[in-house]
1. Among I108, I4, I116, I52, which is of a type in the set (V, I, T), in a strand (DSSP E or B), under 24 Å from E400 (Cβ atoms) and under 27 Å from the mean Cα position of the chain (by Cα)?
2. Of the numbered conditions (1) surrounded by fewer than 20 Cβ atoms within 10 Å (Cβ to Cβ); (2) of a type in the set (D, E, K, R); (3) under 23 Å from D311 (Cα atoms); (4) in contact with a helix residue (DSSP H, G or I) (Cβ under 8 Å, 6 or more places away or on another chain), K202 fails exactly one; give the number of that condition.
3. So if I check each of E94, E128, which one is within 27 Å of the chain's Cα centre (by Cα) and either free of Cβ contacts under 8 Å to residues at least 12 places away in the same chain or farther than 22 Å from M1 by Cα (or both)?
4. Quick check on the stretch 354-392: of everything there that is modelled with pLDDT under 95 and among the acidic types (D, E), which residue is farthest from K307 (Cα to Cα)?
5. Of these, T268, T240, T277, which one is of a type outside the set (A, V, I, L, M), crowded, with 24+ Cβ neighbours inside 10 Å and touching a His at 6+ places or on another chain (Cβ under 9 Å)?
6. Take the residues in the stretch 55-105 that are in a helix (DSSP H, G or I) and among the basic types (K, R), then tell me which one is farthest from D22 (Cα to Cα).
7. Restricting to strands (runs of 3 or more DSSP E) lying wholly in the stretch 296-354: which have 3 or more residues that are over 22 Å from G259 (Cα atoms)?
Amino acid sequence: MINIYTLTSPLHDKERIKSISDEFLGKVFPQGGFNFHESDFSTYGQDGLDLIFVRTGGAEGLFLQVVPELFKRGARHFLLLTSGGNNSLAASMEILSFLGKVGLSGEILHGSPEYIRGRIDTLRQIAEARKRLDGLRLGVLGAPSDWLIASDVDPEAIQEGLGISLVEVPMREVKDAIAKASPIQVPLPAEAIESASGPVKKAIPGAEQIYGGLLAVVKGRRLDGFTLRCFDLLGDVGNTGCLALAQFNADGIPAGCEGDIPALLSMTVAQVATGHTGFMANPSRINPETGEIVFAHCTIPLDIVDKVALDTHFESGIGIGIRGHYPEQDVTILKLSGDLSQAFVAEGRIVRNLSEPDLCRSQIVLQLDEPALAREYFLRKPIGNHHIIVPGRWKALLTELLPQGHHCCGGGHGHGGGGHHHGGGCCGGHHH
């Protein structure tokens, strides 16, 4: 929902300004789709994306009158729509300068109708994504794996920056739930089951029992996503969580490996913002000259692959590992740090899949759009090892969605809109 509120100097002729405004809004919104509140700000901040239409010069004083009340309602970032006529741009610039002086922020929406419409659509997507993130409960099923020595988190920063709460679930509770659960069938292609080896076929019921147990934990704890200390299952349960995680992600529930919380946050943000599930994987080989990177992991969301084969888990050789074929396409790579102070966002393309015996089972070769990032980011200042690869080109959207104050590698600059979060700057390949 888009809400438009107006600021108009009383010195201007009301009918003439109304006529000009109606014509302008008709060009920006040819299909309608907005609520026009005139100068009544009583519903500002309640729902949807709020735009302040600065219709004339001399409206700065009117903004000063309304901004204290809007501030009380939580407004910290203001979107100023202007046609450019009747000195409206000049007034908007004065208002924006004032906001900067008092520690607030904003953006002037000005340009061609097509540009303004596109910008509003992006800001609407960001506002809707933030609303969906706010209040999510992400489970940490067992502590992070011992080798994730650089993947610590700041729960308060996560709560403040994204509105997400972390829920710690003891591994004992997880194992008990798995022991009590019945297998829940995962819809695998018949050919994947038929072509699997004997030991792998025998491991399928156990993997589906793990899925049933994890589903019970998710429902019982009211989780919107989770990360699992999955290697603990290898010895105690004798199987893997790879199949279960592949299905959870396909069902729209972000599910990560190894108790990696920053990776789970990245998966969740990517899925909420883009509507696509993300492949959580390790960079296995990097060509610093060409920007080509091999990513691999033993699980991959079943909804983003066009072929599936079943194998054992790579490191242990037991249970189920997923060998998924990720179609060649444009993708976005995302990784957030555990305190949200850093982020990596870049775009590239999957150029081929691999099937090598000495790597985790799902293997892709990704060509970065900016080859220098292979060296400048991945080999010099990476944010941990796991990264999230999501179909489509989403760098601009994801960069703006991230909380204010982060440092972002991958090129581009962005400032978000609406609500109390807004994007920080992005650096091109290094951290400031």
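1. On the way: I4 fails: under 27 Å from the mean Cα position of the chain (by Cα); I116 fails: in a strand (DSSP E or B); I52 fails: under 27 Å from the mean Cα position of the chain (by Cα).
After applying the criteria, what remains is I108.
2. So K202 meets the others, but not (4).
3. Working: E94 fails: within 27 Å of the chain's Cα centre (by Cα).
Going through E94, E128 in turn, just one is within 27 Å of the chain's Cα centre (by Cα) and either free of Cβ contacts under 8 Å to residues at least 12 places away in the same chain or farther than 22 Å from M1 by Cα (or both): E128.
4. D358
5. On the way: T268 fails: touching a His at 6+ places or on another chain (Cβ under 9 Å); T277 fails: touching a His at 6+ places or on another chain (Cβ under 9 Å).
One residue alone meets the criteria, T240.
6. K101
7. Values: elements: 307-311, 321-325, 330-336, 342-354.
Because the criterion is at least 3 residues that are over 22 Å from G259 (Cα atoms), the strands (runs of 3 or more DSSP E) in the stretch 296-354 that meet it are 307-311, 330-336, 342-354.
Okay, residues lined up against (1) in contact with an Asp or Glu (Cβ under 6 Å, 6 or more places away or on another chain); (2) buried (at least 20 other Cβ atoms within 10 Å of the Cβ); (3) more than 24 Å from G111 (Cβ to Cβ):
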position: Y5; (1), (2), (3): no, yes, no
position: T8; (1), (2), (3): no, yes, no
position: D22; (1), (2), (3): no, no, no
position: Q46; (1), (2), (3): no, no, yes
position: A59; (1), (2), (3): no, yes, no
position: L70; (1), (2), (3): no, no, yes
position: F78; (1), (2), (3): no, yes, no
position: L89; (1), (2), (3): no, no, no
position: M93; (1), (2), (3): no, no, no
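The values are calculated or read from the model by the stated rules, or taken from the named source; none is laboratory data. Fair warning: this is a prediction, and the values are worked out from it, not measured in the lab. Counting neighbours? That spans all protein chains shown, and the Cβs are built from the backbone with ideal geometry, glycine included.
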